[in-house]
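Notes to accompany the following structure.
The values are calculated or read from the model by the stated rules, or taken from the named source; none is laboratory data. In this text, all values refer to a predicted model and were calculated from it rather than measured experimentally. Here the Cβ positions follow ideal geometry from the backbone for every residue, glycine too, while neighbour counts run over all protein chains shown. Quick note on the areas: whole protein, heavy atoms, side chains included, nothing else; ligands and nucleic acids left out. Shrake-Rupley method; radii C 1.70, N 1.55, O 1.52, S 1.80 Å.
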Amino acid sequence: MENNENQHKRRIHYSGKYPRRYEEKYKELNPEKYADEISHVIGKGNTPAGMHIPIMVKEILEVLSIRPGMTGFDATLGYGGHTLAMLRDLQGKGHLYSSDIDPIESAKTEQRIRKQGYENNLWTLCNMNFCQIDELAAKVGPFDFVLADLGVSSMQIDNPERGFTFKNNGPLDLRLNPTAGLSAAERLCSVSRDELEGMLVTNSNEPYAAEIARQIFNDLKRGIKIDTTLALLEEIEKALLKVKLPNDERKDAVKKSAARVFQALRIDVNHEYEVLYDFMEKLPNSLAPGGRAAILTFHSGEDRIVKKAFKAFKQQGLYSDISDEVIRPSREECYNNSRAHSTKLRWAIKST
């Protein structure tokens, strides 16, 4: 009897000219087989489903100044675009370590990178949180270059099963590692109204934090389940109905508040600020003399932490130089990749 894994699987049929649902985009979800389709999607300025387009690759490589024989650390592997660019600059000499806590996407990325010929002698995948950089450096030695891309990968955002977006219905999860910790739905059930309001203000500067927190808390108290992405969106819509807004502005206000609420919850369930503080504290002592660090941030809370840490450690003499101003993606890159718009790049050089 034929093995089920070898049996032909028919593609999912969809209505209309183009697939709309994530699981229907069989060509986008198989980029190696349908390269022309992927090029077409990227050419329109969109990110193909299940993929992530690396941001500011040219600028990062200029900052890190990678040379063959160096040892480096890509703190946030994701789809592997930055890792591959850094491996190419090493030209087969030296070693790059990459970390990721997402067991689902990191396994797919490892397979893609191995297929391009990068074996254990050149590249190592570490299934760990990037704030454990000090533990890795203690084992393998200090790093000549370090990159941390703090953005959530497009593969995670686009997949409804991960619960990162309100554009499609899915479980309200939001965990980078779905096997550890509380999901966003569980977290909502565990906080008080004041804690939730504070979370929305601190993590995303949500202007309607009080109204949204009150709506969510009261509905949970009444036994209403908020365990899907669309259920949370509905709570935000109900909260903003009680706010005096012009009718022609309400739809846009709901969309912006929803993005901020999802961001605030994601930061909370993944302890993103705590992890970043920890990483920034350990970074200087994990770099070799003259070693370079580059960090990509995507919202003001992250950028503030990075900026203050770089400045403080330069004053202490641990860094010989830091970026005075942020480096932004080019207008062309923002046009070709809409997810690059909010990106900021900062860098630091370890004292010799």
Problem - Evaluation of Thr343 against (1) more than 30 Å from Ile212 (Cβ to Cβ); (2) out of contact with any helix residue (DSSP H, G or I) (no Cβ under 6 Å at 6 or more places or on another chain); (3) not aromatic (Phe, Trp, Tyr) (one fails), failing number - result: (1)
Practice task
Can you run down the residue pairs with Cβ atoms below 7 Å, 6 or more apart or on separate chains, where the first is in the range 67-93 and among the aromatic types (Phe, Trp, Tyr) and the partner is in a loop (DSSP other than H, G, I, E, B) and surrounded by 18 or more Cβ atoms within 10 Å (Cβ to Cβ)?
Solution key: Tyr79/Met51; Tyr79/His52; Tyr79/Ser153
Fill in the blank from the handout: Result of the Cβ filter at 9 Å on the range 291-309, keeping first residues that are basic (Lys, Arg) and partners that are assigned to a helix (DSSP H, G or I), at least 6 apart or interchain, is Arg292/Val63; Arg292/Leu64; Lys308/Met280
Practice task
For Lys225, state whether it is open to solvent by 50 Å² or more (accessible area, probe 1.4 Å), at pLDDT below 95 and over 15 Å from Asp268 (Cβ atoms).
Solution key: no
Handout entry: Filtered residues of the range 271-305 (kept if outside any helix (DSSP H, G or I) and modelled with pLDDT of 95 or more)
Key = His271, Leu287, Ala288, Pro289, Gly290, Gly291, Arg292, Ala293, Ala294, Ile295, Leu296, Thr297
Handout entry: Residues located in the range 288-304, provided they are more than 13 Å from Trp347 (Cα to Cα) and either hydrophobic (A, V, I, L, M, F, W, C) or under 21 Å from the mean Cα position of the chain (by Cα) (or both)
Key = Ala288, Phe298, His299, Ser300, Gly301, Glu302, Arg304
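Yes/no per residue for (1) at pLDDT 95 or above; (2) open to solvent by 20 Å² or more (accessible area, probe 1.4 Å); (3) over 16 Å from Gly291 (Cβ atoms):
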{"residue": "Gly80", "(1), (2), (3)": "no, no, yes"}
{"residue": "Ile101", "(1), (2), (3)": "no, yes, yes"}
{"residue": "Ser106", "(1), (2), (3)": "no, no, yes"}
{"residue": "Gly117", "(1), (2), (3)": "no, yes, yes"}
{"residue": "Lys139", "(1), (2), (3)": "yes, yes, yes"}
{"residue": "Phe143", "(1), (2), (3)": "yes, no, no"}
Exercise for the section: Please find, within the range 229-250, the residue that is farthest from Ile216 (Cα to Cα) out of those that are open to solvent by less than 70 Å² (accessible area, probe 1.4 Å) and not hydrophobic (A, V, I, L, M, F, W, C). Expected result: Pro246
Fill in the blank from the handout: Of the candidates Gly16, Gly50, the one satisfying the condition of being at pLDDT below 90, on the phi > 0 side of the Ramachandran plot and surrounded by 18 or more Cβ atoms within 10 Å (Cβ to Cβ) is Gly50
Exercise for the section: Scan the range 156-179 for residues that are assigned to a loop (DSSP other than H, G, I, E, B), farther than 21 Å from Val254 by Cβ and either in contact with a Gly (Cβ under 7 Å, 6 or more places away or on another chain) or open to solvent by 50 Å² or more (accessible area, probe 1.4 Å) (or both) and jot them down. Expected result: Asp173, Arg175, Thr179
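Let me confirm something: among Ala259, Ala312, Ala264, Ala340, which residue is within 19 Å of the chain's Cα centre (by Cα), aliphatic (A, V, I, L, M) and open to solvent by 30 Å² or more (accessible area, probe 1.4 Å)?
The conditions single out Ala259.
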